[in-house]
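Take a look at the structure set out below.
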Amino acid sequence: MDTEIIIAGGGLVGNAIAIALAQGGIKVVVIDPLPREQQVAAAFDGRTSAISSGSVRILNHMGVWKHIAADSQPIHDIRVCDQDKAGFVHYSDKDVGEPFGYIIENGVIRRGLYMGLEGEPNITVIQDKVVDYSTTATSATAVLESGKSITAPLLIAADGRFSKLRDKAAIPHRVISYDQTAIVCVIEHEHPHEGLALEKFYPSGPFALLPLVPTQAGVNRSGVVWTEHDNDAPKFVALSDEEFNAELQRRVGEAADNYWGKVKAVGKRFAYPLKLMHADTFIAHRFVLVGDAAHGVHPIAGQGVNLGYRDVAVLTELLLGQRKLGLDLGAESVLKHYQRWRRFDSMTMTAGTDILNRLFSNRSRSLSLARRAGMVAVNHMPPLKKYFMKHAMGLVGDLPRMMQDDKAA
Ligand SMILES: Cc1cc2nc3c(=O)[nH]c(=O)nc-3n(C[C@H](O)[C@H](O)[C@H](O)COP(=O)(O)OP(=O)(O)OC[C@H]3O[C@@H](n4cnc5c(N)ncnc54)[C@H](O)[C@@H]3O)c2cc1C
């Protein structure tokens, strides 16, 4: 064996599980074709992520949160409304006693993870691509583009939504295309956001404003996720600065009575076509899927990477337990346990975000009346509201140990 665990993919989830396992004393090799400088460059990933308080516990547990905290904006309030403002739900963190989570630029999370990787003696990082793999009764061997191969008792595939390794493992998966593209950018705005996140629903899909930490010069900033149909999105992305800002201003101004004041997009505009992907199984012989390779959900509720971090916490707990007993890290029993633990959460979140998107992104008058009534009802039912909040914070169900303490932040 060359190492104890091979991790294919060093993205937001792959690097996290590498750190968690290495800190528990397991030797890992992380393989990703993209150089570190590219992954943290501003032009690489324009997304801002809502990181739930449950995920903060996980990042804190692995010592990564301290590298990220200063650039993380707590979410104090969430307002969800329909285009015409008739009904809305307002969630306040006062009702749960802690911020719902934090809005963080993906570049900041990636940098924090790299700081966590650094100096960790149990981690070897290889810049290469896994192009194939094979297994024997006792091992998995990853074949790299460079021609090298690496053998270990277990191969973890963290290679994203379009995972080639999932295909190599012949794991069937469902894909639903939403005919929606998320236009993503950062805006500067006149008034402070005070930690308010807004999600407003148009027939083409959700329009979200996500509060970010101000610049060092004190300029107010928020992240934008603006959903349009696939055919329309490129037209908006290609608008001149003036036209793009006017479109943004119209949407932001209409929302919550011009709460943000005058807005201006800064930096690059990104476009992400939205698809649902769910693997029929998360495991194969000496092989396991984590993160988007296992489940890619609609970003309507900001839950994709949070699901991935829960995969990390559960798989780490099971593998460290296995190692403590001197048992095989790639044993079928431990992989089956992981699958049992993670499938319910992942399937309910995938289905839930899918239903939410279908319910809100349409022009149907009857659905519009139903969702308005639903929002008014939820807004007036504190226990139900609290349950939804705890769910979004990732704090319900059978929590792994890394999520049980709340010494974070
Ligand atoms: C518009 C948008 C907004 C979002 N907002 C949120 C949010 O607010 N909150 C949230 O929780 N989630 C959000 N998400 C989801 C989140 O971004 C994903 O869940 C997350 O990026 C998944 O991380 P990952 O590491 O599993 O996969 P990826 O980020 O796709 O990383 C995969 C890695 O694997 C590498 N790789 C690929 N193939 C190979 C190979 N053959 N060999 C080796 N390495 C390979 C790639 O180079 C890459 O580094 C959003 C998604 C979108 C599209």
Among the numbered criteria (1) away from the ligand (no atom under 11 Å from the Cβ); (2) closer than 30 Å to Met347 by Cβ; (3) without any contact (Cβ under 8 Å) to a residue 12 or more places away in the chain, which one does Phe201 miss? (3)
Could you look through the range 267-313, keep only residues that are of a type in the set (Ser, Thr, Tyr) and farther than 14 Å from Arg47 by Cβ, and pick out the one that is farthest from the ligand (Cβ to nearest atom)? Thr281
If you go through the range 158-174 one residue at a time, do you hit one that is within 11 Å of the ligand (Cβ to nearest atom) and in a strand (DSSP E or B)? no
What tally of residues in the range 181-220 results from selecting those that are more than 18 Å from Cys81 (Cα to Cα), crowded, with 21+ Cβ neighbours inside 10 Å and among the small types (Gly, Ala, Ser)? 1
Scope the range 113-144; condition over 24 Å from Ala16 (Cβ atoms) and part of a loop (DSSP other than H, G, I, E, B); matching residues: Thr136, Ala137, Thr138, Ser139
Go through the residues of the range 361-379 one by one and say whether even a single one is surrounded by 16 or more Cβ atoms within 10 Å (Cβ to Cβ) and within 22 Å of the chain's Cα centre (by Cα). yes
Please verify whether the range 366-375 includes one or more residues that are at pLDDT 95 or above, outside any loop (DSSP other than H, G, I, E, B), basic (Lys, Arg) and more than 20 Å from Gln23 (Cα to Cα). no
I'm trying to understand the selection: among the residues of the range 376-409, which are assigned to a loop (DSSP other than H, G, I, E, B) and modelled with pLDDT of 85 or more? Met393, Gly394, Leu395, Val396, Gly397, Asp398, Leu399, Pro400, Gln404
Give the residues of the range 44-58 that are more than 10 Å from the ligand (Cβ to nearest atom) and hydroxyl-bearing (Ser, Thr, Tyr), sorted by residue number. Ser53
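The values are calculated or read from the model by the stated rules, or taken from the named source; none is laboratory data. Values in this document were obtained by computation on a predicted structure and should not be read as measured data. So basically every Cβ, Gly included, is an ideal-geometry build from the backbone, and we count neighbours across all protein chains shown.
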